[in-house]
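Report on one structure; see the data block that follows.
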Amino acid sequence: MKKMMCGVLCAALLACSAGAAAAGSYTVTVDGAALDLSGKTPFVSQDKVMVPLRPVAEALGYTVTWTAEDAQRVEIDNGVVRTWVDIGVDSYCRTSSTAIGMGAPVSFGAAPVAMDNTTYVPVDLFAMMGDTVETDGTDITLSAMESQTQIPNPIVAYDTLEKAVAAAGVKAVLPAFPAEWRQVEFSVIGGTLLQVIYTDGTDTAVFRAAAGDGDTSGDYNAYPWTAETEADGVTVTLKGQEEDAVLLAVWTDGQYSYALACSAPLTAEEATAMASGVAPLE
């Protein structure tokens, strides 16, 4: 915990330095109008342009709220899509505002930081949400998604795992989660891809399974660390920031392909243990 807090504080200090160096450098335009940031100046952290979350999000039509459970988490929602960010955690995920289901968590290479009562996030977050983002030197231009009512939603939610498994037509193996994790959402994407969402009350994990040997994760980030390991005779590919910060595991047994994406980093040992499986899906 001390190491984690130290890392977060260091990141914030670095971000402060970067912000000071870039003061007055960036301009932000949203839907053709220059945005008054009231001194909340964008800056560069880990080669990513960081922008103040609230003014940019609200200008794009999102509602911004702090969650009651965790003062370190901020949510944005435009009634069609929503997401949340945790201070110091480089993991982002887009989900529907009205339907059950979420995309696989992704990393942008820079975590949200809090400075002077303001949360800063990579501008890439808004591109992930479906908004248009363009940068030209120090000019940042954003525009809200063209249609907030016509986003295709291939996700069908089910109230039980058995119904979702039957709808997807898969006979697979569930990951081996620790006892404190529980299944909270079941859905099928595109009629064939099973998705099960787990939580331990704080973090989330997305498990996907489908017939064939394709990549079911939907996560095409270029992670700085990748390794292969064995679990019950199956080769599992692990991806993340480093060996003790795994965010994605993908594997296939020759008949089905699987993916496990986590919002909080796992060690390689933890990820491999989860991928080993405990119960078949019938």
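Please treat every number below as a calculation from the coordinates, not as lab data. Small disclaimer: the values here were computed from a predicted structure and weren't measured. Cβ sites come from the backbone with ideal geometry, for glycine too, and all protein chains shown count toward neighbours.
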Sort the following peptides by mean Cβ neighbour count (other Cβ atoms within 10 Å, averaged over residues), highest first: 225-235, 160-170.
-> 160-170, 225-235
What order, most packed first, do the peptides 173-183, 31-41, 263-273 have when packing is the mean number of other Cβ atoms within 10 Å of each residue?
-> 263-273, 173-183, 31-41
Computed label-point distance, nm, for sites THR226 and ALA179 using a 7 Å Cα→Cβ extension = 3.8 nm
Pop the C-beta distance of ASP36 and ALA166 into the FRET formula with R0 = 41 Å and round what comes out to the nearest 0.05.
-> 0.15
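Looking at region 75-145, which chymotrypsin sites (Phe, Trp or Tyr not before Pro) are DSSP coil and have at most 13 other C-beta atoms within 10 Å of their C-beta? All intermediate terms of the calculation are to be shown ahead of the outcome.
Details: sites: TRP84, TYR92, PHE108, TYR120, PHE126; in loops: PHE108.
Those that pass, being in a loop and sparsely packed, number zero.
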